[in-house]
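Okay, so here's the structure we're looking at.
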Amino acid sequence: MPESFYFLFRLNGSHQIGLGHVFRCRELANQLKKEGKESVFIVNTDSVVESLLGDFETIQLPQQYNAEEELSLIKKTVQDFNVVSIVSDLLDYPDYYTRYLRGTKLEIISFHETQIKDNFSNKIINYNSFQDSLELPIDISGSCLGPKFCILPYDLIKKSPITVKPKVKRILLSFGGSDPANYSTYFLNLLGNLNILYKHSIEIVVHLGPSNTQLTQIEALADESNLNLTIRTNVKSLTDLMIESDLAVCSGGNTMYELCFLGVPSIILPQNQHQQYFSSELEKNNILKLISLDKIESKDLIIKTLLEMIENFELRRSFNKESTQVFDGNGLNRVVDSILSL
């Protein structure tokens, strides 16, 4: 173990919260390590999170912890390892935590989902596609705002975008690391009587993330279905599944941005309001198709949208072109340069 850590990452992840925070902070920490800056993580107790961060020194909070216990552990870690900077990636920032951040002399870097300003950070990272974010200039001297700062997996940004084919032969279903809304099962149930899938022998690849709890139900659906279904778990590289797909159905988190980078035409089923907010901005810019939260239960609309995407080659080709222009794969390097400029 190193005698000191330049960065302390504070984040949580679980089936309910999702794992996007874990994946993007792991990518950022790996890149910072290449720049000679070591990182330590303080996280909630979760076996999947622990496994995903296996290459880093990780300190787990108790299963049930209070504000005093959390702050005491952070302060001790900062002191014991001469931490210079705290990187936080939390869905919500409680008052006791932001008061601590305001009062410390450390460099404070904070991920936000919707905010672009706060009163406790030296630098904010919000690479989501919030309103008008696609028009923002690239400025590494300030906060990292908009899709040009999108943190994508290293194995993904080495790949080239796909070439859209006239006929759809493979559809990827992937609803993140945990799929808390159980969209995987819901969507497969909708496909049961869709004759076009049989007619054109379209393969449905169902990717289940490390915290997805629906494997038993989906295996039962596969046994009863005449669809050409392939279930993939414990996937080492989701990138390969994406590249092999002609069309994707996913949620509005990091997977959506990864598909945009690769130019895979996509239909988005958001898991929550902020995912809807981000995906609606991309739909407004003709980058993807969105099924809004208030229409999720409209089976006819979902099937209609899927058929349109399967049958409309020009639409899919247009989405491919527009999405790859917005997501260029240089976001991680821009974020690292911006952080190291502090």
Pull up segment 87-107, narrow it to residues that are at pLDDT 95 or above and under 22 Å from the mean Cα position of the chain (by Cα), then point me to the one that is nearest to residue 338 (Cα to Cα). 87
Hey, can you tell me all the residues within segment 33-57 that are in a helix (DSSP H, G or I) and either surrounded by 16 or more Cβ atoms within 10 Å (Cβ to Cβ) or not basic (Lys, Arg) (or both)? 47, 48, 49, 50, 51, 52
Listed by range, helices (runs of 4 or more DSSP H) wholly within segment 282-342 having at least 1 residues that are touching a residue at least 40 places away in the same chain (Cβ under 8 Å) and within 18 Å of the chain's Cα centre (by Cα) are 313-326, 331-340
List every residue pair whose Cβ atoms sit under 9 Å apart, with the two residues 6 or more apart in sequence or on different chains, where the first one lies in segment 92-107 and is exposed (fewer than 13 other Cβ atoms within 10 Å of the Cβ) and the second, anywhere, is of a type in the set (Val, Ile, Thr) and in a strand (DSSP E or B). 102/108
From 278, 319, which residue is surrounded by 23 or more Cβ atoms within 10 Å (Cβ to Cβ), at pLDDT 95 or above, on the phi < 0 side of the Ramachandran plot and out of contact with any helix residue (DSSP H, G or I) (no Cβ under 8 Å at 6 or more places or on another chain)? 319
Can you list the strands (runs of 3 or more DSSP E) lying wholly within segment 181-263 that have 1 or more residues being crowded, with 22+ Cβ neighbours inside 10 Å and among the small types (Gly, Ala, Ser)? 247-250
Residue that is under 21 Å from residue 30 (Cβ atoms) and either touching a Lys or Arg at 6+ places or on another chain (Cβ under 9 Å) or not assigned by TED's automatic domain parsing to the domain that holds residue 333 (or both), where the choices are 120, 149: 149
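Here's the yes/no breakdown for (1) of a type outside the set (D, E, K, R); (2) in a helix (DSSP H, G or I); (3) within 18 Å of residue 6 (Cα to Cα):
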| position | (1), (2), (3) |
| --- | --- |
| 79 | yes, yes, yes |
| 87 | yes, no, yes |
| 98 | yes, yes, no |
| 105 | no, no, yes |
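The values are calculated or read from the model by the stated rules, or taken from the named source; none is laboratory data. Fair warning: this is a prediction, and the values are worked out from it, not measured in the lab. Positions of Cβ are generated from backbone atoms using ideal geometry, with glycine treated the same way; all protein chains shown enter the neighbour counts.
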